[in-house]
Amino acid sequence: MAFFEDFCKSVVALDKKIRFAGIADGDGTLEGVSERAGLAPIMKPEERAQYAITAATRQYTRLRWEYLLGKISYASSHYSKIIRATIPIADENRRLAHVLLLSFDPDADDFHQIITKKIIPLVKQNMERFMQEAQK
């Protein structure tokens with residue numbers, strides 16, 4: 001879908017340390033992706049699709065604990081070759097609409113600032129559209 005592809009391109013353009021952005025629906029089906037130009041992807045498309053499904057499943061688990069732990073803004077995993085992060089896009093009732101999948105260069109020591117100061121504000125700006133797309 002054009003909105004998801006355009007959104008992912010906008011995310012990748014936010015910072016040179018962002019390698020990849022993808023949007024999956026609540027079931028983990030990829031709806032749009034973008035990669036930084038000139039990169040050799042670490043994952044094949046089939047592996048990326050499997051990752052999206054598991055990421056969506058994990059988000060449901062995390063959202064289940066928000067009532068006790070507080071609202072989750074993102075989750076991250078640090079690998080030797082990459083930093084991965086997921087941002088749940090949920091409605092006010094904690095119902096998962098989409099998951100934003102991200103990857104960063106492994107030396108992106110400021111990935112927290114990139115997520116909190118650049119990416120999350122962009123998600124919030126587009127929240128109404130994300131919720132509209134989830135209802136289609």
Subject >> Subset of the range 44-101 that is part of a helix (DSSP H, G or I) and aromatic (Phe, Trp, Tyr) - its residue that is surrounded by the fewest Cβ atoms within 10 Å (Cβ to Cβ) >> reply: TYR67
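Name the residue that is surrounded by the fewest Cβ atoms within 10 Å (Cβ to Cβ), counting only residues in the range 124-136 that are over 21 Å from THR61 (Cα atoms), without any contact (Cβ under 8 Å) to a residue 60 or more places away in the chain and of a type outside the set (Lys, Arg).
Looking at the filtered set, the residue picked out is GLN135.
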Original post:
Is it true that ALA90 is more than 23 Å from LYS118 (Cβ to Cβ) and modelled with pLDDT under 90?
Top reply: no
Subject >> Residues (under 18 Å from ILE23 (Cβ atoms) and touching a residue at least 40 places away in the same chain (Cβ under 8 Å)) located in the range 70-94 >> reply: SER73, TYR74, ILE89, ASP91
**OP:** Scan the range 102-114 for residues that are touching a Phe, Trp or Tyr at 6+ places or on another chain (Cβ under 8 Å) and either of a type outside the set (A, V, I, L, M) or surrounded by 22 or more Cβ atoms within 10 Å (Cβ to Cβ) (or both) and jot them down.
**Re:** LEU102, SER103, PHE104, PRO106, PHE111
**OP:** Look through THR54, THR61 and report the one residue that is hydroxyl-bearing (Ser, Thr, Tyr) and at pLDDT 90 or above.
**Re:** THR54
Original post:
When the range 6-23 is examined, which residues are found to be surrounded by 14 or more Cβ atoms within 10 Å (Cβ to Cβ) and outside any helix (DSSP H, G or I)?
Top reply: LEU14, ASP15, LYS17, ILE18, ARG19, PHE20, ALA21, GLY22, ILE23
**OP:** Please name all residue pairs, on different chains or six or more residues apart, with Cβ atoms under 6 Å, provided the first residue is in the range 3-19 and is within 20 Å of PRO106 (Cα to Cα) and the second residue is basic (Lys, Arg).
**Re:** VAL12/ARG36; LEU14/LYS118; ARG19/ARG36
Original post:
Taking the range 35-77 as the search range and keeping residues that are more than 13 Å from the chain's Cα centre (by Cα) and of a type in the set (Lys, Arg), which one is nearest to PRO121 (Cα to Cα)?
Top reply: LYS71
Original post:
Do we find a residue being at pLDDT below 95 and either under 17 Å from ARG36 (Cβ atoms) or aromatic (Phe, Trp, Tyr) (or both) anywhere in the range 115-130?
Top reply: yes
**OP:** Could you figure out which of (1) modelled with pLDDT of 90 or more; (2) surrounded by 14 or more Cβ atoms within 10 Å (Cβ to Cβ) isn't true of GLY26?
**Re:** (1)
Subject >> Number of positions in the range 108-123 that are touching a residue at least 12 places away in the same chain (Cβ under 8 Å) and among the charged types (D, E, K, R) >> reply: 2
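The values are calculated or read from the model by the stated rules, or taken from the named source; none is laboratory data. Values in this document were obtained by computation on a predicted structure and should not be read as measured data. Every residue, glycine among them, receives a Cβ derived from its backbone with ideal geometry; neighbour counts consider all protein chains shown.
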